[in-house]
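The values are calculated or read from the model by the stated rules, or taken from the named source; none is laboratory data. Since the structure is predicted, the reported quantities are computational estimates derived from the model, not experimental observations. Neighbour counts run over all protein chains shown; Cβ positions are idealised from the backbone, glycine included.
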2 protein chains.
Amino acid sequence: MEHFVYHNPTRVVFGKGTIAQVRDLISPSEKVLITYGGGSIRNNGVYDQVMAALSGRDVLEFGGIQPNPLYETLMQAVEIVKRQKVTFLLAVGGGSVLDGTKFIAAAAHYQGEDPWDICAKEAPVTSALPLGSVLTLPATGSESNTAAVISRQSTNEKLAFLSEHVYPKFAILDPEVTYSLPDKQIRNGIVDAFMHVLEQYATYPVGAALQDRQAEAILMTLIEEGPKTLRNKTDYQARANIVWCATQALNGLIACGVPQDWSTHAIGHELTAFYGIDHAESLAIVMPALFRHELGKKQKKLAQLARRVFGVNEADDARAAELAIAKITEFFHSLGMPTRLVEHKIDPGEAAAKISARFRSRGAVMGEHGSIDASAAEKILLAC
Amino acid sequence: MEHFVYHNPTRVVFGKGTIAQVRDLISPSEKVLITYGGGSIRNNGVYDQVMAALSGRDVLEFGGIQPNPLYETLMQAVEIVKRQKVTFLLAVGGGSVLDGTKFIAAAAHYQGEDPWDICAKEAPVTSALPLGSVLTLPATGSESNTAAVISRQSTNEKLAFLSEHVYPKFAILDPEVTYSLPDKQIRNGIVDAFMHVLEQYATYPVGAALQDRQAEAILMTLIEEGPKTLRNKTDYQARANIVWCATQALNGLIACGVPQDWSTHAIGHELTAFYGIDHAESLAIVMPALFRHELGKKQKKLAQLARRVFGVNEADDARAAELAIAKITEFFHSLGMPTRLVEHKIDPGEAAAKISARFRSRGAVMGEHGSIDASAAEKILLAC
């Protein structure tokens, strides 16, 4: 096991009917900016619940944060925060609204010239506006972690930043408010959470026995409960399990003391940036080809996954690892998730050329060994 | 899954050589009281490491906190805190030092007449002195939770209190400093952590699929890594896994949204209070008889445990549940842990009479159904 620091101060409030508690979680003295996306919260009752909880409070709102939240949009919110002297941000939505709100929080306090440097140049975030969240889509884990991924329209870029200063103070998780989500978004959420676990698990063994089993616990639960929640949207238990899996998949816990990969995400982000496909869709496409490309390096962990998670009875590590990739792909297909570029009408040759050129210009090295460079990404994308 | 709030703000710093970081974790402006136990930290180098880390700082010390920390001793530390205007407590030791330091922290700010009321009358803790910890014994999870158990010599009582105000600000976990522990304490730690999981798992199913698997992850890791760390004290990976299991077993995570029992602990505390046997020893004695007494109510979860954790192939729930109890007992024996009162030369009849009388006078009801009363405890103890 490697050294680690684990610190996650977000207060999670979980269960049906918990949105009303937002009133107790935000001090009456705060001037609150509620941030949200395309307006689905106005149709599913969440907006009304939040507004009722904060009635009589000093509240502004900022809607229109896109999936893959755009820097250009978020900077408009930063202007409002500064002009109106907002003191607290309340993100109401899914991972994109959360990520966008984290960027608003960091950018509002940023002292440098261009807040985009937080993403593009890893400019340090030394403070941020406090934020809380009401989660409406289980997927990214953003409700209790330090990460955000922001896109910039003008340059077709999609980049991440990390800061302890943007840990949400609280996250309200009411599984019932996710009942109205379309199947596609639930499918995406399950695949996204699954891939988050794999980025922290499918590397090489370091003797972190508990973290391995905690990661496998999430994978097994997603495999068991995912199909249930797609079959019956209002099965509270199944939906609650998926919501909690998504949070636990990326709250820092299973990352403790283990190597991490994130190359599937790095390549996937480029597919989204260039072709606009959903984040989870991009991961489901990249993972099988990338894992096959890295099979030698990942085979011990993938073999363990095959045996423990899928019950594969195969003594040979290389063969068991191949079976793991096949079983994961099969699971994604069972949820209705495509895993090939052609299914999205994207030409692998074109994608490989475009994206590898960008990685080449950045001098990118990815993966737990830093061994995936632009050429490797090109080969991987050709096989997607 | 039941509703829950999960909030654990303790910063865990994990790995060999991390004690030096205490210097960065405590502000130079703090007046620190270092609390510890019988002095083993003076022999194993931990005291010197802590003092070196805090050299030049304003530091006092208070040693002599007992296993099953005594109210009478702790109140002496409260006097020092008040007289010397201490602003930060640093607990250096195992669960008893941690628990005792939490009591000092709460009692120092307590406004009522008698701080013992915090334990005896659940008097509310509304603030506490901040504390941090350097853990030297993996067992209780006290390094990142809200709980403390305090004993009072004058009345032979052993009682718990809970407060968010006594969450340690940080916990430094260096597995290497636990190498010098006697086998008995490591054995106790493994059993204690195992029993903490069972108190939160071996109840009845509520559809909390992920929490179940996270609990099973800890049990499986303790079963795999426990014997390794007893065979080879300086196997860093095995010891690191045991340390992390003990923390994860009682940091609130596996308690999210599930019923909890704690009757084995309640009865075990009385065995310790009356006969002075170690905490973990008392749990290993009470659990088998208590689980058999409650077999009907616990059988679904115990059967799941038998199948998933011990690989038992038995379709009948009642029989599988019995096998779970046998397998757990067998595991405890394999660690050298006695599971009967007679092995400690305690007469079951006497223990049953004494302890049930006390429960009767308190009107105690225990367990996840509140169905274990004084008479049930008497029957259980007679079967121990």
- Query: Taking the stretch A:301-318 as the search range and keeping residues that are surrounded by fewer than 17 Cβ atoms within 10 Å (Cβ to Cβ) and hydrophobic (A, V, I, L, M, F, W, C), which one is nearest to the chain's Cα centre (by Cα)?
  - Reply: A:Ala318
- If a residue has to be more than 11 Å from chain A (Cβ to nearest Cβ) and assigned to a helix (DSSP H, G or I) to count, how many in the stretch B:230-266 make the cut? 6
- Query: Could you count how many residues in the stretch B:149-183 are over 14 Å from the mean Cα position of the chain (by Cα) and without any contact (Cβ under 8 Å) to a residue 24 or more places away in the chain?
  - Reply: 2
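For the subset of the stretch B:319-378 comprising residues that are β-branched (Val, Ile, Thr) and surrounded by fewer than 21 Cβ atoms within 10 Å (Cβ to Cβ), which member is farthest from B:Pro182 (Cα to Cα)?
Only one residue fits best here, namely B:Val365.
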- Could we say that A:Ile285 is part of a loop (DSSP other than H, G, I, E, B) and under 18 Å from A:Gly349 (Cα atoms) here? no
- Message: Given the options B:Ala215, B:Ala193, name the one that is among the small types (Gly, Ala, Ser), within 19 Å of B:Glu330 (Cβ to Cβ) and without any contact (Cβ under 8 Å) to a residue 60 or more places away in the chain.
- Response: B:Ala193
- Message: Among the residues in the stretch B:208-227, are any more than 23 Å from B:Val12 (Cβ to Cβ), touching a Gly at 6+ places or on another chain (Cβ under 8 Å), within 11 Å of chain A (Cβ to nearest Cβ) and surrounded by fewer than 24 Cβ atoms within 10 Å (Cβ to Cβ)?
- Response: no
- Task: Exactly one condition in (1) assigned to a helix (DSSP H, G or I); (2) more than 14 Å from chain B (Cβ to nearest Cβ); (3) among the β-branched types (Val, Ile, Thr) is not met by A:Val197; state its number.
- Result: (2)
- Would you be able to tell me the number of residues in the stretch B:9-63 that are surrounded by fewer than 22 Cβ atoms within 10 Å (Cβ to Cβ), closer than 25 Å to B:Val78 by Cα and touching an Asp or Glu at 6+ places or on another chain (Cβ under 6 Å)? 1
- Hits in the stretch A:330-344 - residues which are of a type outside the set (D, E, K, R) and either under 16 Å from A:Ile223 (Cβ atoms) or not in a helix (DSSP H, G or I) (or both): A:Phe331, A:Phe332, A:His333, A:Ser334, A:Leu335, A:Gly336, A:Met337, A:Pro338, A:Thr339
- Message: Of everything in the stretch A:227-273, what is under 15 Å from the mean Cα position of the chain (by Cα) and at positive phi? Give them in sequence order.
- Response: A:Gly252, A:Trp262
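Can you tell me which residues in the stretch A:54-68 are modelled with pLDDT of 95 or more and touching a strand residue (DSSP E or B) at 6+ places or on another chain (Cβ under 9 Å)?
Hits for the stretch A:54-68 are A:Leu54, A:Arg57, A:Asp58, A:Val59, A:Leu60, A:Glu61, A:Phe62, A:Gly63, A:Ile65.
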- Give the stretch A:9-60 a look and list any residue that's touching a Gly at 6+ places or on another chain (Cβ under 8 Å), closer than 26 Å to A:Ala108 by Cα and of a type outside the set (Ser, Thr, Tyr), or say none. A:Val22, A:Leu25, A:Ile26, A:Gly37, A:Gly38, A:Gly39, A:Ile41
- Item | Residues satisfying the stated conditions in the stretch A:24-38, i.e. within 23 Å of A:Leu137 (Cα to Cα) and in contact with a Phe, Trp or Tyr (Cβ under 8 Å, 6 or more places away or on another chain) | A:Leu25, A:Ile26, A:Val32, A:Leu33, A:Ile34, A:Thr35, A:Tyr36
- Would you be able to say whether some residue in the stretch B:189-199 is closer than 26 Å to B:Arg292 by Cβ, in contact with a Lys or Arg (Cβ under 8 Å, 6 or more places away or on another chain), of a type in the set (A, V, I, L, M, F, W, C) and crowded, with 18+ Cβ neighbours inside 10 Å? no
- So B:Phe88, is it buried (at least 18 other Cβ atoms within 10 Å of the Cβ), under 30 Å from B:Asp212 (Cβ atoms) and either touching an Asp or Glu at 6+ places or on another chain (Cβ under 9 Å) or within 14 Å of another protein chain (Cβ to nearest Cβ) (or both): no
- Residue under evaluation A:Tyr6, criteria (1) out of contact with any Gly (no Cβ under 8 Å at 6 or more places or on another chain); (2) within 14 Å of chain B (Cβ to nearest Cβ), criterion not met: (1)
- Pairs under 9 Å by beta carbon, first residue more than 8 Å from chain A (Cβ to nearest Cβ) in the stretch B:10-23, partner of a type in the set (Ser, Thr, Tyr), six or more apart or different chains? B:Arg23/B:Ser55
- With the checklist (1) crowded, with 24+ Cβ neighbours inside 10 Å; (2) touching a His at 6+ places or on another chain (Cβ under 7 Å) in hand, flag the one item B:Ser127 doesn't pass. (1)
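Being part of a loop (DSSP other than H, G, I, E, B) and out of contact with any Lys or Arg (no Cβ under 8 Å at 6 or more places or on another chain) is the filter here, so list the residues in the stretch A:311-329 that pass it. Can you show your working first?
Just the residues of the stretch A:311-329 that are part of a loop (DSSP other than H, G, I, E, B), to begin with: A:311-316.
Passing the criteria: A:Gly311, A:Ala315, A:Asp316.
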- Item | Checking B:Ala351 against (1) aliphatic (A, V, I, L, M); (2) out of contact with any Leu (no Cβ under 6 Å at 6 or more places or on another chain); (3) farther than 24 Å from B:Tyr204 by Cα; (4) part of a helix (DSSP H, G or I), the condition it does not meet | (2)
- Task: Pick out the one residue from A:Ala246, A:Ala255, A:Ala171 that is surrounded by 23 or more Cβ atoms within 10 Å (Cβ to Cβ) and either in the same structural domain as A:Phe331 (by TED's automatic domain parsing) or of a type in the set (S, T, N, Q) (or both).
- Result: A:Ala246
